[in-house]
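Structure first, commentary second.
The values are calculated or read from the model by the stated rules, or taken from the named source; none is laboratory data. Everything quoted here is computed from the prediction, not taken from an experiment. Here Cβ is always computed from backbone atoms with ideal geometry, including for glycine, and neighbour counts include all displayed protein chains. Side chains included, ligands, DNA and RNA excluded: accessible areas come from the protein's heavy atoms. Shrake-Rupley method; radii C 1.70, N 1.55, O 1.52, S 1.80 Å.
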Amino acid sequence: MGTEQRPTAGAGPLPAAGPAGAATMRAAVQHRYGPPSVLEPAEVGRPLPGRGDVLVAVGAAAVHPGDYFVMTGEPYMVRLAFGLRRPRHGIPGRDLAGVVAAVGNDVTALRPGDEVFGWSTTGTLAEYACVPADNLAPVPAGLSVVAAAAVPTSALTALQAVRDIANVRPGRTVLVTGASGGVGSFAVQIAKAFGAEVTGVCSTRNVDLVRSLGADHVVDYTTTDFTRTGKRYDVILDNVEARPLAAVRRALTPTGTLIPNSGRGGRWLGPLGRIVRARVLSGFTRQRLRPFLSVEKRQDLLTLADLLATGQVTPLVDRTYPLDEAPDALAYVGAGHTRGKVVVTV
Ligand SMILES: NC(=O)c1ccc[n+]([C@@H]2O[C@H](COP(=O)([O-])OP(=O)(O)OC[C@H]3O[C@@H](n4cnc5c(N)ncnc54)[C@H](OP(=O)(O)O)[C@@H]3O)[C@@H](O)[C@H]2O)c1
């Protein structure tokens, strides 16, 4: 599903560069929806933290398909949330890791100098971002700022899909499509951490990679259609939805759970038609068809921090780009062939 970015009360218009002497910062900004070339480097005003906010000096910011949809304004339905004619908030990006630069009066759990990761509400492709304290957790010891930035949205989506929607337990068979992508690479590792027998679906060039993430079995989609092997799975996390729903259901056990999770789709409604079809069909079958929208929860960020600290999950970072090359980072994500995560360093 593609509307994984949600605006929050803290998201405001692009801070204008203030009067002479006011603090400014470098950022990648967009004044209209469009392809990655709409992003321009600019000097803008530094956001000011409210009472419950933290000002983070951004070290790294991951970008993912949701950021691409919001940048392009397509599917058009994202504009209902992010601004009808132009983006309401001009700095893209949501996931970040960095160092606390200042805290609002009500923030007691964090202090300047702490390394944190989480979700911003004011954009992350910038030197500073304002973040509600509840959207942050300390970076686990030993994790680089780039690896930490790769975690929030994709790993949270994988965690909530595997644990909350599919209720994965030891011995369950789980199939993950897009296993080499941002969500899939976390989902393979998290399902393994929950004791499942995991099958990853990817292309030939990623077979060894997906195996190295811990997958017990790998299906190469360029030679084998997983819906036609005769194997059935308790859980299918379909991050790609390259095969029709009816075909995917053939690969699901009679009471299994299918999570259709691709945000890609038509120009107007994106994946909405597929989501509605799955919801309606769900009422007529014992199979559980459960599209979902991940929800940002600090407690889940702490759970992920534990999985990272114990080495059960390791972020897979494909490429890093400097802030000036943010358009290239978004273009690469938009092409849909990332191997793990794409991170912009600031
Ligand atoms: N539910 C939510 O709240 C939520 C939150 C976040 C993301 N999402 C959605 O989750 C989906 C996955 O996101 P992502 O970050 O992992 O990035 P992505 O760009 O969708 O995935 C990239 C990966 O998919 C692989 N892939 C492409 N076609 C494939 C196929 N037919 N079979 C298997 N793998 C294939 C690519 O491998 P090759 O290059 O080898 O083809 C690449 O490694 C997105 O559509 C996103 O919108 C949903």
How big is the antiparallel share of DSSP beta bridges in the range 153-289, given as a percent to the nearest 5?
5
Taking every DSSP bridge whose two residues both lie in the chain, the antiparallel percent to the nearest 5 is 55
List the aspartates and glutamates whose Cα sits under 18 Å from the Cα of K297, skipping any in the same chain fewer than 8 residues away.
E4, D53, D95, D134, D164, D306
In whole angstrom, and with the biggest value first, how far do the Cα coordinates of the chain range along each principal axis?
69, 43, 37
Accessible surface of D53 in the full protein assembly, 1.4 angstrom probe, to the nearest 10 Å²?
40
Karplus (6.51, -1.76, 1.60) ³J(HN,Hα), θ = phi - 60°, over the range 177-186, in Hz, Gly and Pro reported as x:
8, x, 5, 8, x, x, 6, x, 5, 6
Quick check: residue separation of R286 and T345 times 0.36 nm, minus the Cα distance between them. What number comes out in nm?
16.6 nm
Using mean Cβ contacts within 10 Å as the protection proxy, how do 278-287, 56-65, 175-184, 297-306 order, highest first?
175-184, 56-65, 297-306, 278-287
Net +/- balance of residues flanking L316 in space, Cβ distance below 12 Å, scoring K and R +1, D and E -1:
+2
Taking 0.36 nm per residue of separation between K297 and D225 and subtracting their Cα-Cα distance, the length gained on full extension comes to 22.3 nm
T153: accessible area at probe 1.4 Å, nearest 10 Å²?
10
About the Cα centre, charge dipole magnitude for the range 153-289 (Lys/Arg +1, Asp/Glu -1 at Cβ), debye
460
Is the range 287-338 best put as rounded, prolate or oblate by its Cα gyration tensor, with a ≥ b ≥ c the root eigenvalues, rounded for a/c under 1.5, and otherwise prolate when a/b is larger than b/c, oblate when not?
oblate
Label the range 153-289 by shape, choosing from rounded, prolate and oblate, from the square roots a ≥ b ≥ c of the eigenvalues of the Cα gyration tensor; if a/c is under 1.5 it is rounded, and otherwise prolate applies when a/b is larger than b/c, oblate when it is not.
rounded
Leaving ligands, DNA and RNA out of it, work out the accessible area of T122 with a 1.4 Å probe and give it in Å² to the nearest 10.
20
Go ahead and estimate [θ] at 222 nm for the chain from helices alone: -39,500 (n - 2.57) per DSSP H run with n ≥ 4, summed, over the residue count, rounded to 500.
-6500 deg cm²/dmol
Could you give the length gained by full extension between Y76 and H337, i.e. 0.36 nm per residue of separation minus their alpha carbon distance, to one decimal place?
91.7 nm
I'd like to check one number: the per residue accessible area of the range 153-289, probe 1.4 Å, reported in Å² as a whole number.
43
Whether the range 157-224 is rounded, prolate or oblate, judged on the alpha carbon gyration tensor where a/c under 1.5 counts as rounded
prolate
Report in % the part of the accessible area of the range 153-289 that belongs to carbon and sulfur, leaving out ligands and nucleic acids; probe 1.4 Å.
55
Expressed in angstrom and rounded, the centroid-to-centroid distance over alpha carbons for the range 54-113 and the range 242-299 is 27
Tally the DSSP beta bridges in the range 198-273 and give the antiparallel ones as a percent, rounded to 5.
10
Can you work out the FRET efficiency for the pair H31 and T255, with r the C-beta to C-beta distance and R0 = 56 Å, to the nearest 0.05?
0.65
